[in-house]
Structures are given as structure tokens and as C-alpha cells.
Amino acid sequence: MSEAVLEISGVSKRFGTNLANDNISLSLGKGEIVALLGENGAGKTTLMSILFGHYMPDSGHVRVMGQDLPPGKPRAAIRAGIGMVHQHFSLAPNLTVLENVMTGTESLWSVASNTGPGRAKLMAISERFGLKVNPDARLGDLSVGEQQRVEILKALYNDARILVLDEPTAVLTNIEAEKLFSTLKDMARQGLSLIFISHKLDEVMATADRVVVLRGGKLVAERKAAETSKAELAELMVGRAVKRPVREASTPGETVLEAVGVTVRVDDVDRLKAIDFHLRAGEVLGIIGVSGNGQTLLAQLLSGTAKRTSGDLVLFGHGVGDLSVADAVHAGIGRIPEDRNKEGAIGEMAIWENAVLERLSGYSRHGLVDRKSAIDFAGRIISAFDVRGGSPTSRIRLLSGGNMQKLILGRNLIEHPRILVAAQPARGLDEGAVAAVHERILEARRAGCAVLLISEDLEEVMALADRIQAIVGGRLSPPVKAEDVDTRRLGLMMAGEWEQEGVAHAV
């Protein structure tokens, strides 16, 4: 490794009884890309938050370019050349790209913003690293991939020499992710040093020079990416061999949900266009597609948070009008929302409050919440679904992403729903948590639950689904049997190529 530009030495951090970081030491060389791996809750984000000054370590220190970094001071980290790109962007959607990039770089006492030099600097950085942007575009009008580009440019604008990226591809399409990692490799060739947190082992193997693994707050392994494998890294992350469950053959039951010619119009535009599908008890129907093609709206329609414009919806053999959220819950429809932080949980509320949110009527009497029964219910979920990191009375925001996802999954499946709408159920989860979530979905299938699986992950859909339909531009392809297609064929379907000789449509 080249001379170290970053040295983290003996860093420990405790939150109450939870030892998040336990005497961690690692280094980063100039032009090196290091992947930081670990289960959800292993201490990765805490360590990077200490590096960037968001947290004070209880012990240990950080050196940047040979100089001690003052702890707990983000401005000092920025001045030392550390840039942080967060998983959830810290940008203002109502401001332009240039305004977002320049925010915080000028004195509050300045009479006017010096946008001329700022624009020139931004465009020079954009050109150097191939991160093309329109400086005058309103951030809220940009795609997720473009917004992430602005986050990176903001860090580079502050003269970052060390770039830290937390789950950089969690909300990106495969094509956007490929472009991002091509850019990161080019940055490293130009002398920048990078640390990225990820759960996706394919991108780690393809991008990193070195891999550092945390488990239970401890640094348990370091490997050169060229000298390890996905299987070894997965085992190092969770402390045991990880094997994803496999869907077994089965015979589905009766049709429990059917959509015929359903259209949903939003802002005078048809976002779902005359879609047809049916879902049977004891099967998984996979909906595959690139983000933004209408799958989010489909999940909302079946969960009662969106209304159809035309077409018929048949539930358990009976035509239904517009579903409300209460109607969906009472009918036995469970849901795993696409965005667990925005739609699945309220961070400042306790775990027990989040556990009963969607079924509050079952845990209240005379308008008052039965706190004891609600806490008992949350405790059952925590025990049955191995939710780690908090008690029923802890705030849910203190849970890692994987444990929050297991709680959301548990509050639905513990009630034995007849239908489960699972949107991106394993997004952002470590390998062990992915295997656990997949196993729970297949258990529900075996118990007769009808599962609508919405995902952008081809391997996930092929592993779990009995039948698969692609969604493109708000339209659904005819269904195909999972055993009749491969990832290449599914990729073509995601691009709108639905007809191919020799591939039968499923019924």
C-alpha cells in the first residue's frame, strides 16, 4: 500500500450498553479504494461518523495526512480533506445544483454570493472527474443518480482528498451503479482515496483494492479483493457460512387477487396503463423493473395509498372499489414498503409504537392504547424475527437498517396475512439479513400467503418467484414461469422486449 493518508487508531464508541466500535484501527493509502463490510449494526456508519466528526470517540484518535484530526468537529474534517456522501442525501431540493454545492462555503456575513468563481470551480471539477451536471438545474427535478452526483461534487468542491460513501448504490439502478463505480475508479487513479460502505459483494469484488470487515463492533478481517471471494466475505461478515434459501416446487391455490385493465392517472398522466395480473394463494409473483416504471405506484395501489382511475380489482373473488389503508389491513394485506425510513417507520417513535401503527384498533380500548399488550406484541416480533439493537421501548431510529426491516416484516407476517406486498424487501441489507428476509417470505408462501414481490434485483426475483412479470413505462408484460427464463431474458423484458420464441407465458 502507498503512504497512508488516513490512520484510525484504537477507536471505541459506546451508546449506553451497546459497544458500537471496539478498539478499531485501520489505514487508507493514497489512491486506494477500501470497502467497509459488515452486518447491519456492525458499527460501520458509527466509525465513519466519528471520522467525519459527527460523533466523539470514547477512546482512540484519527490522523489525516500525518496530522491529528480534532474529534467531534465536522468542519475540521472538511478542512482536512475528508468528504462524506451519505446514503440519504443532505441536499435541498428547492435549490439549484450550484446553490447546493456552494452552501456552507461562504461567510454568512457576505453581502452577496460569489457565484461566478463558484460556477467555474464546479464546472472544472465536473469536467475533471466526468461528473456532468447542469449547475442551474433545480435539484428536485433531477434523478436519484444525478442527485448523488451532486453530493459527490459538493464534497469535491470542498477540496476532499478522502471520500467516504455510505451505501452509494442503495437507491441506484444497475446502470447508474456501474457508472458510479467507473467514476470512483477514475478518481482513485487521479490520487483520491476512497472508503465505501456496501452490502453488495459483487460491487465490492469489482471495485475495491482492499476489504475491511467489521462484526459486532470489532474489526475481524482485512483482505485484498483479488485474494478473497464473495463466499469468504459473507462468512466473515456474519461469523458463519451464509446460504440463501431456495424456493421449492409447490402447487398454488385459488386466485386471491386479480387486476384487469387497471389504470392509475397522476397529474393527468397514466402512470399505470391497463395492467393485468393475478395472484394465487401459496405463490410468489415477481414484478421486475428498473426504478421509476410504475412499480412504486402498484404497491401503493394494493396497500390503499393510491387510487385507480379505471379497470377492475377483484379481491378474494369479489370486485372491490377503491381500497383504503384500513380496508387493505382488514382484508389481510400486509406490506413491506419500498422506503422503510419514509413509509415504514417513524423514527422518533418507540419500537412498540411502530409495531402496532397499522393495526392500532387491535391494541386500543375506548380510544386509549393498551400499552402493555402493544409492548408484548413488539416483544414477540423482536424474539421471533431476531430484531437486534433495542428493546420495545427504544426509539426505532436507533435500529440498523436490517433490523428495522426485520421489524417491519415481522409486524406483518406474525399476523399471518393472506396477501403480502413486498417492495424491495432486501434493499440495503447485508448477506445474512437478506437470507433471513428471503426465508421468511418463503415461509409465508408455504403457509398459503400470496406474495407480490416487487424488486430490481434479478437474482432475488429468480430465487423467490414462481411467475415473473416485467414492468416498463407503467405497462406489465405477460407472466412467464421462473424456470423458463434466465437473467439475460429478464434483462430484455425489463427493456420492453417481451416476446421471444420458446418462452411460454405462464397462466
(request) With the checklist (1) within 26 Å of LEU315 (Cα to Cα); (2) touching an Asp or Glu at 6+ places or on another chain (Cβ under 8 Å) in hand, flag the one item ASP430 doesn't pass. (result) (1)
(message) Please go through the range 152-176 and give me each residue that is of a type in the set (D, E, K, R) and either under 16 Å from the mean Cα position of the chain (by Cα) or surrounded by 21 or more Cβ atoms within 10 Å (Cβ to Cβ) (or both), ordered by number.
(response) LYS154, ASP166, GLU167, GLU176
(request) Count, please, the residues in the range 181-221 that happen to be more than 15 Å from VAL164 (Cβ to Cβ), under 19 Å from the mean Cα position of the chain (by Cα) and assigned to a loop (DSSP other than H, G, I, E, B). (result) 2
(message) Restricting to the range 318-331, and then to whatever is touching an Asp or Glu at 6+ places or on another chain (Cβ under 8 Å) and surrounded by fewer than 20 Cβ atoms within 10 Å (Cβ to Cβ), can you tell me which residue is nearest to VAL266 (Cα to Cα)?
(response) VAL325
(request) Return yes when GLY379 is surrounded by fewer than 22 Cβ atoms within 10 Å (Cβ to Cβ), touching a residue at least 12 places away in the same chain (Cβ under 8 Å) and part of a loop (DSSP other than H, G, I, E, B) and no when it is not. (result) no
(request) Pull up the range 70-96, narrow it to residues that are outside any loop (DSSP other than H, G, I, E, B) and under 25 Å from the mean Cα position of the chain (by Cα), then point me to the one that is surrounded by the most Cβ atoms within 10 Å (Cβ to Cβ). (result) ILE82
(request) Considering only residues that are in contact with a Lys or Arg (Cβ under 8 Å, 6 or more places away or on another chain) and assigned to a loop (DSSP other than H, G, I, E, B), look in the range 249-279 and name the one that is farthest from ASP322 (Cα to Cα). (result) SER250
(request) Using the structure shown, decide if VAL387 is under 26 Å from ALA281 (Cα atoms), of a type in the set (A, V, I, L, M, F, W, C) and surrounded by 21 or more Cβ atoms within 10 Å (Cβ to Cβ). (result) no
(message) When the residues of the range 135-146 are narrowed to those that are closer than 20 Å to GLY104 by Cα and surrounded by fewer than 18 Cβ atoms within 10 Å (Cβ to Cβ), which ends up farthest from the chain's Cα centre (by Cα)?
(response) ASP136
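Residues checked against (1) among the basic types (Lys, Arg); (2) in a strand (DSSP E or B); (3) modelled with pLDDT under 90:
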{"position": "ALA426", "(1), (2), (3)": "no, no, yes"}
{"position": "GLU443", "(1), (2), (3)": "no, no, no"}
{"position": "GLY448", "(1), (2), (3)": "no, no, no"}
{"position": "GLU459", "(1), (2), (3)": "no, no, yes"}
{"position": "ALA463", "(1), (2), (3)": "no, no, no"}
{"position": "ILE471", "(1), (2), (3)": "no, yes, no"}
{"position": "LEU492", "(1), (2), (3)": "no, no, yes"}
{"position": "GLY496", "(1), (2), (3)": "no, no, yes"}
(request) Could you tell me which numbered condition ALA350 fails, if it satisfies all but one of (1) within 23 Å of the chain's Cα centre (by Cα); (2) under 20 Å from ALA422 (Cβ atoms)? (result) (2)
(message) Being crowded, with 20+ Cβ neighbours inside 10 Å and at pLDDT below 95 is the filter here; which residues of the range 273-292 pass it?
(response) ILE288, GLY289
(message) Just to be sure before I move on: is ASP267 out of contact with any Cys (no Cβ under 8 Å at 6 or more places or on another chain), under 30 Å from SER90 (Cβ atoms) and free of Cβ contacts under 8 Å to residues at least 12 places away in the same chain in the structure I sent?
(response) yes
(request) Report yes if ASP136 is farther than 25 Å from GLY38 by Cβ, touching a helix residue (DSSP H, G or I) at 6+ places or on another chain (Cβ under 8 Å), outside the structural domain of GLU32 (by TED's automatic domain parsing) and not aliphatic (A, V, I, L, M), otherwise no. (result) yes
(request) State whether one or more residues within the range 73-91 are in contact with a Ser or Thr (Cβ under 8 Å, 6 or more places away or on another chain) and within 20 Å of LEU194 (Cβ to Cβ). (result) no
(message) Here are the criteria: (1) assigned to a helix (DSSP H, G or I); (2) touching a helix residue (DSSP H, G or I) at 6+ places or on another chain (Cβ under 7 Å); (3) under 19 Å from GLU258 (Cβ atoms). Tell me which single one ALA422 does not satisfy.
(response) (1)
(request) Exactly one condition in (1) touching a residue at least 40 places away in the same chain (Cβ under 8 Å); (2) among the polar types (S, T, N, Q); (3) surrounded by fewer than 20 Cβ atoms within 10 Å (Cβ to Cβ) is not met by GLN67; state its number. (result) (1)
(request) Spot the failing condition for SER25; the list is (1) in contact (Cβ under 8 Å) with a residue 60 or more places away in the chain; (2) part of a loop (DSSP other than H, G, I, E, B); (3) touching a Gly at 6+ places or on another chain (Cβ under 7 Å), and only one is missed. (result) (2)
(request) Please determine, by comparing only the residues of the range 393-416 that are assigned to a loop (DSSP other than H, G, I, E, B) and within 19 Å of the chain's Cα centre (by Cα), which one is nearest to LYS44 (Cα to Cα). (result) SER400
(request) Determine the pairs where a residue that is surrounded by 13 or more Cβ atoms within 10 Å (Cβ to Cβ), located within the range 113-134, has a partner that is of a type in the set (Gly, Ala, Ser) with Cβ atoms under 6 Å apart, the partner being 6 or more residues away or on another chain. (result) VAL133/SER126
(request) Output the residues belonging to the range 28-56 that are touching a Lys or Arg at 6+ places or on another chain (Cβ under 7 Å), assigned to a loop (DSSP other than H, G, I, E, B) and either crowded, with 22+ Cβ neighbours inside 10 Å or free of Cβ contacts under 8 Å to residues at least 12 places away in the same chain (or both). (result) GLU39, GLY41, ALA42
(message) Suppose we filter the range 8-44 for residues that are within 25 Å of LEU201 (Cα to Cα) and either touching a strand residue (DSSP E or B) at 6+ places or on another chain (Cβ under 6 Å) or modelled with pLDDT of 90 or more (or both); how many remain?
(response) 22
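The values are calculated or read from the model by the stated rules, or taken from the named source; none is laboratory data. Fair warning: this is a prediction, and the values are worked out from it, not measured in the lab. Quick reminder, even Gly has a Cβ in these numbers, built from the backbone with ideal geometry, and neighbours come from all protein chains shown.
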